[in-house]
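The values are calculated or read from the model by the stated rules, or taken from the named source; none is laboratory data. The shown structure was predicted, so the numbers you read here are calculated from the model rather than taken from an experiment. Virtual Cβ from ideal backbone geometry, glycine too; neighbours counted across all protein chains shown.
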Amino acid sequence: MPETVGVYELTVFSVMVAAFFISAFAIKLPIGISMAIGAIAGIVAGGHLFPLDEAVRHLVEGMFAYFDPILIIAAATIFMFSMERNGLLQVLTSWTLRTFNRAPFVLLAAITVIIMFPGMLTGSSTAAVLTTGALMAPVLMHMGVPREKAGAIIAMAALFGMAAPPVNIPALIIGAGVDLPYVGLDLPLLALSLPIALATTWALAMPHMDKAATAESARQVEAGPAARHGAKLFLPLIVVAVLMIGERVYPEYIQLGLPLIFLIGMGVALLTGEKVSVHKVSADAMKAALPILGILMGVGMFIQVMTLTGARGEVVIQSLQLPRGWTGLYPVIGTTMPLMGSVSSFGAASVLGVPFVLALPTGPEEIIMNAAALSSIVAVGDLMPPTALAGIFAAQVVGEKKYIRVLRWCIIPGIIAVVQGLLAIQFAPVLAQYLVRIGG
Amino acid sequence: MMKAFQDRNIRASILLGLALLVALVATLRFRSQWVEEPLYPSPHLTEVRMLSEYHPPLEGTPLDTELYFFDSGVPGGTLLICGGNHPNEPAGYLASVFFLENIQMTEGRAIVMPRMNKGGFLHTESQEAQLQRFRIPTPHGEREFRHGSRVTSPVLQWPDPTVYVNPRGIFWDEIVQDHPEMTVGNPGPGQQTLAGIDSRNVNRVFPGHPRGTITEQLAYAIVELIRQEEVNLAVDYHEAAPEYPTNNVIVAHERAADVATWAELLLAGDNIGISTDTSAINLRGLTHREWGDADPGVLPVLLEAPNVAQGRLKGRTTEEQIVEGRDLAYERVQMIQTQLNERLAERARRLEERGRTPRERSRRILYVRIPEGGIHIDVRTARHVQTTMRLVESYNDQMAGPPIGVASIPHYDEIVANGTGYYLHGPEGEPPAGSNGEEN
């Protein structure tokens, strides 16, 4: 049906995608630069090059879309590097293994919840990977979990932490788009995140658990020279945790923002462990984080130009054309949301999540269940390349150079998470009776 | 040249220079939006005050805004007309400018606040790819108006919290004491959580806070204005995307519901289809809810008209989207919705023949019918103007408060036939062609 397809929009979008692929894979430019080239190609192909200053305004405006996440990532990476360099990471690994080596099943559950925790508080999988994820990475590997699988466990737990209550930003964004108060979402979000997070960790790690090997490993792992600093070594973690929780519990008194909290954590780490050079740790962290920061800037430009040329609207329009059900709307939800999440899960929540939640039944309890389910599906987008925030940083914290190796182990849990979300939509009327408590 | 580019320092210098050039061009373009367009009040203006008179800390800040008083000299009630709550909703702004440049009071007085959130006029939203200005033709030439964002500029308030908690506690004790019925189903102080970006959306932060963020202080000052000036009827103009369910509607505080319902019937006589929604008690922070809760003397209403330029399905960004309300993407969606509903009906029939219950019989993608040729800004502005006039008539008919008399406002049909610009001053302040009175 040609009259229902936007030829101009799809043509421009094709040019943008082609320019991106040529830049990234033929010329082998960095992904962030390639996204920017895709955006510029869209501006030219769409006829928006003139006035030139207006074209520049759109590119710069788009570039700033993820300014806040960029600061969070930069600060969290510096914090992670400082914890590693001051010896905290090694001491914590040694201590955890010595204490819990006889109960790997319980330890794995605890590790999962610990990795999820910063994501639950901040709504950011990156924050989870780069903080508690980084702490738990050596523990997992010393327990015998292969590097790639350890990365996958961290990526998935962080992602489910992002989807878990009390803070699920995609759910907030979907709610804001349909005037749905952020009420009654806690139980549905918990039901869609915690069980699958635990199951994923156990499924990936348990085949490698060997109590004798873990005990042997626990004996071998030295706490390192930083152990002499004693309990004060843990102060950076405590300070960051207290400030993160404080921000949630007493928002009227504590409003520092994650970037500042992480930088305060870094400041404390400098004073409480082995000697660390601020300049070196900051420079190394920025060097590690720069590619992903570039990708976020490029992605921002890309989406801005998609909107400018109508390609963003066209993607949504084409997604809404099917009837509800497993042969219609559900597969579209299950594919487009994570795919668009590859550019930005928050952007996908706003652009696709809002029309989708309106295309599903909108009874007062069902809409909450559906919003929770959609937000859990969109979170999977954090695994999708090229951004793949959770995957890239998880690979970084386990020391795996090719993040695709980590992502490989995330495919099945990711698909299960999407199917679980779609089943929650299918059975929303029944589930809502048990899980949604709107209250008075 | 290529050899020089291979030198790391030269390459870095060239790229840095290029980045600075882009930054300069973008800065000039962004700064151009800080220039306010002139507004020309009607000759019946009696006084101009600044909002900071009601909350002095706002004085000298970019959010302090003009209040235009039109006093008939005859005792009566007070009408408050507000535009620019969301500066990306241009017909809302234009309707308030229309009153500003044409109003004459015969009983009581009117206060016109055309730029409620001046902080939203200073920028456009990243990823929405909006234009910065739009033009309205007048018989004397084109008038330019700024097209902004629905939130305060991040230059004025940043960073956003992860989750925004509405500060409605400041009037809670009064509500408990004076209106215990309002506490039923009411989330109460510190209980309304919203997306972090809503901390900069003035229509989510009412009743504001005297020591809060700059947006909360703006909201607080507006509530103080309503309380101190004993406003009787308050009208807040908005626009909504066609896929947003609250559209072509008067949203009224429960005390204003009778006035709104009677106005709805009067508007039916003008061939204007509109419905009345009662303000939800569990979605806090909006004008129609908080103004009425904070001041038992005011009847607050919020008006919505459809605007394709702010939709998620919108096509290529053009000035026609804003002014003519025309967008081929939405026309396609209209067609897709018709075809989808035919398919759904056929599918439902087939399922019922087999004794099965269909999951979906029909779907509304759009909540407003977009006619061929669009919904022109003249129509959207005229709707707001005519609805305001009928609300005043209804208020007087029902003796809802001291009488309010407004004269000299053209009828909906005249505005649509002649265009809004016919009733506005020219770009240099030339008197409106449709003016009824003498000039300043």
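Values for this structure:
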item	result
Residues within the stretch A:76-126 that are within 14 Å of A:MET266 (Cα to Cα) and in a helix (DSSP H, G or I), tallied	12
Those residues of the stretch B:401-436 which are at pLDDT below 95, crowded, with 17+ Cβ neighbours inside 10 Å and of a type in the set (A, V, I, L, M, F, W, C), in sequence order	B:ILE409
Matching entry among A:GLN304, A:GLN255 (being part of a loop (DSSP other than H, G, I, E, B), within 13 Å of chain B (Cβ to nearest Cβ) and of a type in the set (S, T, N, Q))	A:GLN255
Unique residue being among the aliphatic types (A, V, I, L, M), under 16 Å from the mean Cα position of the chain (by Cα) and under 22 Å from B:ILE415 (Cβ atoms) when the list is B:ALA309, B:ALA263	B:ALA309
Of the criteria (1) surrounded by fewer than 19 Cβ atoms within 10 Å (Cβ to Cβ); (2) part of a helix (DSSP H, G or I); (3) away from chain B (no Cβ under 13 Å), which one A:LEU49 fails	(2)
Of all residues in the stretch B:265-285 being buried (at least 21 other Cβ atoms within 10 Å of the Cβ) and at pLDDT 95 or above, the one that is nearest to B:MET116 (Cα to Cα)	B:ILE274
Condition broken by B:ARG11, with the remaining ones in (1) free of Cβ contacts under 8 Å to residues at least 60 places away in the same chain; (2) farther than 26 Å from B:LEU131 by Cβ; (3) surrounded by 10 or more Cβ atoms within 10 Å (Cβ to Cβ); (4) out of contact with any helix residue (DSSP H, G or I) (no Cβ under 7 Å at 6 or more places or on another chain) satisfied	(4)
Failed item in (1) farther than 23 Å from A:TYR8 by Cβ; (2) facing chain B (nearest Cβ under 7 Å), with A:GLY313 passing the rest	(1)
Residue in the stretch A:57-73 that is outside any helix (DSSP H, G or I) and either within 14 Å of another protein chain (Cβ to nearest Cβ) or surrounded by fewer than 21 Cβ atoms within 10 Å (Cβ to Cβ) (or both) present	no
Failed criterion for B:PRO403 (all others in (1) assigned to a loop (DSSP other than H, G, I, E, B); (2) under 20 Å from B:GLY273 (Cβ atoms) hold)	(2)
Close pairs from the stretch A:1-30: first within 17 Å of A:VAL316 (Cβ to Cβ), partner assigned to a loop (DSSP other than H, G, I, E, B), Cβ under 6 Å, at least 6 apart	A:GLU9/A:GLY310; A:VAL12/A:GLY46; A:VAL12/A:THR309
Matching option when the condition is modelled with pLDDT under 90 and either assigned to a helix (DSSP H, G or I) or under 30 Å from B:ARG349 (Cα atoms) (or both), among A:ALA231, A:ALA283	A:ALA231
Which numbered condition B:SER126 misses (of (1) touching a residue at least 24 places away in the same chain (Cβ under 8 Å); (2) part of a loop (DSSP other than H, G, I, E, B); (3) over 18 Å from the mean Cα position of the chain (by Cα))	(1)
Leading residue by the ranking (nearest to A:GLY298 (Cα to Cα)) among those in the stretch A:2-46 that are part of a loop (DSSP other than H, G, I, E, B) and of a type in the set (A, V, I, L, M, F, W, C)	A:LEU29
Qualifying residue in the stretch A:406-422 (condition: within 24 Å of B:GLU243 (Cβ to Cβ), at pLDDT below 90, in contact with a Gly (Cβ under 7 Å, 6 or more places away or on another chain) and assigned to a helix (DSSP H, G or I))	no
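Yes or no, residue by residue, for (1) of a type in the set (Gly, Ala, Ser); (2) within 9 Å of chain A (Cβ to nearest Cβ); (3) surrounded by fewer than 18 Cβ atoms within 10 Å (Cβ to Cβ):
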| site | (1), (2), (3) |
| --- | --- |
| B:ALA110 | yes, no, no |
| B:PRO114 | no, no, no |
| B:GLU128 | no, yes, no |
| B:PHE145 | no, no, no |
| B:SER149 | yes, no, no |
| B:PRO159 | no, yes, no |
| B:PRO167 | no, yes, no |
| B:TRP172 | no, no, yes |
| B:ILE175 | no, no, no |
